[in-house]
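S.K.: Sending over a structure as structure tokens; questions will come in a sec.
The values are calculated or read from the model by the stated rules, or taken from the named source; none is laboratory data. Small disclaimer: the values here were computed from a predicted structure and weren't measured. Cβ: placed from backbone, ideal geometry, glycine included. Neighbour counts: every protein chain shown. Calculation scope for accessible area: heavy atoms of the full protein, side chains included, ligands and nucleic acids excluded. Shrake-Rupley method; radii C 1.70, N 1.55, O 1.52, S 1.80 Å.
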Amino acid sequence: MRRGSVALRRIKADLHVHSCLSPCADLDMSPREIMKTARRRGVDLIGLCDHNSAENIPAAKKAGEQAGVMVLGGMEVASSEEAHFLAFFDDDDELRVFQEYVYQHLAGKNDPQAFGLQVVTDEEDGVTGFCDRLLIGATTLPAEQIVAKVRAARHESLVIAAHVDRESFSIIGQLGFIPPSLALDAVEISSRITAADAKARFFDCRNYPIITGSDAHSPDDIGRSVMWFTVEDGTAGEIKKALAGRDSRKAEF
Ligand SMILES: [Zn+2]
Ligand SMILES: [Zn+2]
């Protein structure tokens, strides 16, 4: 490569994966297991987003490094409208600050018998603790506030309306539309629908870039629904450029 030029490559990404920290995810979804499975399936980038928490991101990043998988650190936040949003941050400190903000607006304690264990691990599958917050619950944060908070990050970040084609826990399912003022970077559709169908069925999807992800809660589902990005690396900044088609970056299904 010439000096000053940037090496772009095409990477396979699953931007919606849960770990064993999510009460509804399999216990064998340890960060290490996720990265090993991703590597086996040729997935280059994992977006790790547990419900309302980012406590397994440090382990996921280390496990990803060991397995040769890039990790975008974030979480899947439930708004007061009970709509899910994927929030990713390039800066680990900003992700931690965002997690505290979410925790401050999330009431209740988990009942492991009813909802499942919320396991925090290290990169070697060692259990380092259990999160006792009610991660399955919704925050008291309106969608507008979540989006504004993520976008206010000083480093690059991404905020994406999750699985908008689903009737439950999606902004369209809950409100019937996407408020035009919501400054989303993208909308995510589930694997059950194509981007063309999404645009035909949900008019608001025409206003945003569309992505997909597996929403994996078990190892089997990792990489089931992926995107291809032509980028320099798997950061939020690069993904954002790819979604906008800027600087030769590309996002493809
Ligand atoms: Zn969700
Ligand atoms: Zn999810």
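S.K.: If you go through the stretch 96-118 one residue at a time, do you hit one that is acidic (Asp, Glu) and under 17 Å from the mean Cα position of the chain (by Cα)? Steps first, please.
M.R.: Initial filter on the stretch 96-118 (acidic (Asp, Glu)): 100, 111.
Restricting the remaining residues to those that are under 17 Å from the mean Cα position of the chain (by Cα) gives none.
No, because not a single residue in the stretch 96-118 is acidic (Asp, Glu) and under 17 Å from the mean Cα position of the chain (by Cα).
S.K.: Return the residues of the stretch 20-40 that are basic (Lys, Arg) and out of contact with any helix residue (DSSP H, G or I) (no Cβ under 7 Å at 6 or more places or on another chain); say none if nothing qualifies. Give the derivation first.
M.R.: First, the residues of the stretch 20-40 that are basic (Lys, Arg): 32, 36, 39-40.
Selection gives ARG40 alone.
S.K.: Moving on to the next point. Within the stretch 204-241, restricting attention to residues that are crowded, with 16+ Cβ neighbours inside 10 Å and basic (Lys, Arg), which residue is farthest from the chain's Cα centre (by Cα)?
M.R.: In this case the residue turns out to be LYS241.
Residue-wise test of (1) at positive phi; (2) of a type outside the set (Asp, Glu); (3) open to solvent by 40 Å² or more (accessible area, probe 1.4 Å).
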site	(1), (2), (3)
SER19	no, yes, no
ASN52	yes, yes, no
ALA78	no, yes, no
GLU81	no, no, yes
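S.K.: I'd like to know if the stretch 98-107 contains one or more residues that are free of Cβ contacts under 8 Å to residues at least 24 places away in the same chain and under 30 Å from ALA251 (Cβ atoms).
M.R.: First pass over the stretch 98-107, keeping only residues free of Cβ contacts under 8 Å to residues at least 24 places away in the same chain: 100, 104.
With the extra rule that they be under 30 Å from ALA251 (Cβ atoms), the set shrinks to none.
The answer is no, given that none of the residues of the stretch 98-107 is free of Cβ contacts under 8 Å to residues at least 24 places away in the same chain and under 30 Å from ALA251 (Cβ atoms).
S.K.: Still on this structure, I have one more. I'd like the full set of residues that are more than 16 Å from ligand 2 (Cβ to nearest atom), assigned to a loop (DSSP other than H, G, I, E, B) and surrounded by 14 or more Cβ atoms within 10 Å (Cβ to Cβ), limited to the stretch 141-178.
M.R.: Passing the criteria: LEU141, PRO142, ALA153, HIS155, GLU156, ILE178.
S.K.: Something else: Taking the residues in the stretch 41-64 that are out of contact with any helix residue (DSSP H, G or I) (no Cβ under 9 Å at 6 or more places or on another chain) and not in a strand (DSSP E or B) as candidates, determine which candidate is nearest to ligand 2 (Cβ to nearest atom).
M.R.: ARG41
S.K.: List the number of the failed condition for ILE34; all other conditions in (1) out of contact with any Pro (no Cβ under 8 Å at 6 or more places or on another chain); (2) farther than 14 Å from THR128 by Cβ; (3) within 15 Å of ligand 2 (Cβ to nearest atom) hold.
M.R.: Just one mismatch for ILE34, condition (1).
S.K.: Ok, one more. Quick check on this structure: which one of ARG249, ARG201, ARG192 is open to solvent by less than 30 Å² (accessible area, probe 1.4 Å), touching an Asp or Glu at 6+ places or on another chain (Cβ under 9 Å) and of a type in the set (Lys, Arg)?
M.R.: After applying the criteria, what remains is ARG249.
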